[in-house]
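The values are calculated or read from the model by the stated rules, or taken from the named source; none is laboratory data. In this text, all values refer to a predicted model and were calculated from it rather than measured experimentally. Positions of Cβ are backbone-derived with ideal geometry, glycine not excepted, and every protein chain shown enters the neighbour counts.
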Amino acid sequence: MNTILLIEDNKDVNRMISEVLFDAGYQVKSAYTGIEGINEIKNSNYDLILLDIMLPYKSGDEILKEMRNFSDTPVIVISAKDMVGTKIDILKLGADDYITKPFDLGEVLARIEATLRRCHKQVHINKVIKYKDIVLDDNSKHVSVNGVEIELTAKEYMILEMLIKYQGKVFTKANLYESIWKEEYLGDDNAVKTHVSNLRSKLQKANEHEKYIETVWGLGYRLYKE
């Protein structure tokens, strides 16, 4: 089931879209301000974001510009601004589609389905991802560092894959545990700490001159910025 983040400050519009998405089989998380929206993007994983432009505290274009530094999650902008120049600017910032208010709910669903289908197809084709001298092949589940293949457990592989796919994003222990173990995080971080420690050790052993995983004290983990 795909999860969608809806960032829309109008409560009536937010509720209307949320209900339609829920009826269509999507999980929906609502945010009502720009600050709330960007925090959700930083702290949780979504398959798609529906983004209004005119938001309190932080505008939609500011959110889009900021999130593209650490996330490639597809974004569909829904805005009352119908100027061609505005649409072009938003698409240049990294939006995947643009819908003008007032809109037809059927069109919104169709655009979401098309965007998710296109992005999933691109992910399926691009099975090799890289970071520094790490090469992760999702077809074979093999990982090499500095040209030498290393053996990872399934959990270690999944942690590394998440970190590389969302470079720059800080993953809390709760993020990693709930995404990989598929269980509610109850505060016991031993499992995450142990797997991250083992993963870090294997990477460093393969190339002791490079740094890969950074601990962000009080927050979680991310990849060192290149």
**Complete:** Note on region 48-64: residues within 14 Å of the chain's Cα centre (by Cα) and without any contact (Cβ under 8 Å) to a residue 40 or more places away in the chain are 64
**Prompt:** So which of 198, 139 ends up being in a loop (DSSP other than H, G, I, E, B), of a type outside the set (Ser, Thr, Tyr), surrounded by fewer than 17 Cβ atoms within 10 Å (Cβ to Cβ) and outside the structural domain of residue 44 (by TED's automatic domain parsing)?
**Reply:** 139
**Request:** Would you check which residues across region 14-27 are crowded, with 18+ Cβ neighbours inside 10 Å and either assigned to a helix (DSSP H, G or I) or at pLDDT 95 or above (or both) and list them?
**Result:** 14, 17, 18, 21
**Fill in**
Restricted to region 173-195 and to residues being out of contact with any Phe, Trp or Tyr (no Cβ under 8 Å at 6 or more places or on another chain) and modelled with pLDDT of 90 or more, the residue surrounded by the most Cβ atoms within 10 Å (Cβ to Cβ) is 195
**Asked** Only one of (1) touching a strand residue (DSSP E or B) at 6+ places or on another chain (Cβ under 8 Å); (2) under 21 Å from residue 129 (Cβ atoms) fails for residue 173. Which number is that?
**Response** (2)
**Message:** Could you tell me how many of the residues in region 201-226 are within 19 Å of residue 174 (Cβ to Cβ) and either surrounded by fewer than 12 Cβ atoms within 10 Å (Cβ to Cβ) or not charged (D, E, K, R) (or both)?
**Reply:** 9
**Single match in 161, 214, 149, 184 (criterion: without any contact (Cβ under 8 Å) to a residue 12 or more places away in the chain and closer than 22 Å to residue 47 by Cβ)** = 184
**Item:** Considering residues of region 1-13 that are over 13 Å from the mean Cα position of the chain (by Cα) and under 16 Å from residue 75 (Cα atoms) only, the residue surrounded by the most Cβ atoms within 10 Å (Cβ to Cβ)
**Value:** 7
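Residues are listed down the side, and each one gets a yes or a no for (1) in a helix (DSSP H, G or I); (2) in contact with a Cys (Cβ under 7 Å, 6 or more places away or on another chain); (3) outside the structural domain of residue 47 (by TED's automatic domain parsing):
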residue	(1), (2), (3)
118	yes, no, no
169	no, no, yes
178	yes, no, yes
187	no, no, yes
**Item:** Sole exception among (1) in contact with a Leu (Cβ under 7 Å, 6 or more places away or on another chain); (2) at pLDDT 90 or above for residue 2, by number
**Value:** (2)
**Some residue of region 207-226 being under 13 Å from residue 159 (Cα atoms) and in a helix (DSSP H, G or I)** = no
